[in-house]
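Here is the structure we will look at.
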Amino acid sequence: MDSEGVFKWVDDGLVITSAMYSALFPEQALALKSQVVRFKKKTNGGLGMTQLGGQIVTTSLLACIDRCLKAHQEKCFCVSYNKGTKRCTPGGLNGVRAWQPQALDSIYTRETVCDGHQPFKLYTINSAMSCLWLSNDQVDYSLANTKCTTMHAHLITLKERSKVEVLKRAVSGRKGPFWIGLDDMDSEGNFKWVDDGRVITTTMYSALFSKNKPDDQGGEDCVTYGDEVDFFNDEKCDKNEYYICEISLLT
Ligand SMILES: [Ca+2]
Ligand SMILES: [Ca+2]
């Protein structure tokens, strides 16, 4: 509400998106796309941190964080900011320049929303991991997409088999079905992922669907998970179902 494109949690921290990078850093944008991070005030000094680049003067703490992320991308792990002088120092980990925050500087360190913070939760199985949030409300496919987007997320996509296992763990004990981010609305039988618009691979197609699915009964274009034990099914997109939002993690 305070600032367009900058989402904040109401409890204590700042939440900002780095999706804005795409315009400025097209190459690096892929790695940071959709990543939602927040900077939380640190109380025990700047131990273990190093300075990235020089000090700058910015109009606000948020501008300081924005500057750090834009200039240093994933290397930006912290900033120090002095409210009085508006002096901003971008910081990282394990750099060569020693970190010497001034007495009146406050230090803020980066964490992803999935580091145990609501509402998203990190689910892992072996090396596969996903940052997911399961809805408690039931809405149609279009609104589910919108709701995920509002949280700087997207409906879950499953481009590797290992992620299906993560999904199973995430929904265990929960009543479904859930919308996932896959539909053939544009062209019948051509199922595409919502995050990048790519058509599903034949490998994943056969991994997800049993031989009777998808069946497009009466025009079904949107995919759910979990309506028959552990099956994926195409459903009418205007049905109200639960849904699963995902934040893409840095890889
Ligand atoms: Ca269809
Ligand atoms: Ca169906």
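Since every read-out is calculated from the coordinates, none of them should be taken as a lab result. The structure presented is a predicted model; accordingly, all values stated were derived computationally and were not measured. In this analysis, Cβ positions are derived from the backbone assuming ideal geometry, glycine residues included, and neighbour counts consider all displayed protein chains.
I want to make sure I understand the PRE zone here: with the label point 7 angstrom from the Cα of Arg161 toward its beta carbon, which residues in the stretch 170-202 have backbone N atoms less than 15 Å away?
Of the residues in the stretch 170-202, 201-202 have backbone N under 15 Å from the label point off Arg161.
Starting from 0.36 nm per residue, how many nanometres of slack lie between Thr85 and Asp238 once their C-alpha separation is accounted for?
Length gained between Thr85 and Asp238: 49.7 nm.
When you take every Cα atom in the stretch 154-251, what is the radius of gyration, and what is Dmax, the widest Cα pair distance, in Å?
That works out to 12.5, 40 Å for Rg and Dmax.
I need the calculated FRET efficiency for the pair Asp186 and Leu93, taking r as the beta carbon distance and R₀ as 35 Å, to the nearest 0.05.
The formula returns an efficiency of 0.20 here.
If you add up the charges near Val199, with Lys and Arg at +1 and Asp and Glu at -1, over every other residue whose beta carbon is less than 12 angstrom from its beta carbon, what do you get?
Result for the neighbourhood of Val199: -1.
Quick check on the stretch 46-86: what are the equivalent-ellipsoid semi-axes from the Cα gyration tensor, as sqrt(5λ), descending, whole Å?
16, 13, 8
Calculate, in nm to one decimal, what Thr150 and Arg169 gain on full extension: separation in residues at 0.36 nm each, minus their alpha carbon distance.
Working it through step by step, the gained length comes to 4.4 nm.
Under 5 Å between amide H atoms, partner at least 5 residues away or on a different chain: which partners does Cys237 have, H built in plane at 1.01 Å?
Asp221, Cys222
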